[in-house]
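Before any comments, here is the structure.
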Amino acid sequence: MTITTAHVEEFKDDNRISHSSEDKKITRMLEASYADIKSRCGAFEIDSNALGKDLVYQQTRYRFNDMLEYFYDNFLSEINNLGISLIEVPDEVV
């Protein structure tokens, strides 16, 4: 799954950004945030995992405002929760 214009528009709506001059920058930031969250927590579909999507958008907001260094401390429990929820447990444990 890749970041679409719908994701960019949703991010802009959430953050009250009404112009399109930074759409390319926002797309790159969303892609970087999605890749980072997946590398830390595991693979997920952004459109079907609400917590994953929220973390991607929140990290992008921190990136956009040059505050990324604060994201990990502020969202540690959510990152851990997503990672735990993505662990695949086999049906039978031997």
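Rule-based calculations on the coordinates, nothing more; no lab input. Just so it is clear, the model here is predicted, and its values are computed rather than measured. Because the Cβ atoms are built from the backbone with ideal geometry, glycine has one as well, and the counts that use them run over all protein chains shown.
At-a-glance table
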| item | result |
| --- | --- |
| Per-residue Cβ neighbour rank within 10 angstrom, fewest leading, 66, 47, 23 | 66, 47, 23 |
| Footprinting exposure proxy for 30, 76, 51 (fewest neighbouring C-beta atoms within 10 Å first) | 76, 51, 30 |
| Backbone HN-Hα couplings from phi across region 62-68 [Karplus 6.51/-1.76/1.60, Hz, Gly and Pro as x] | 5, 4, 4, 9, 6, 10, 4 |
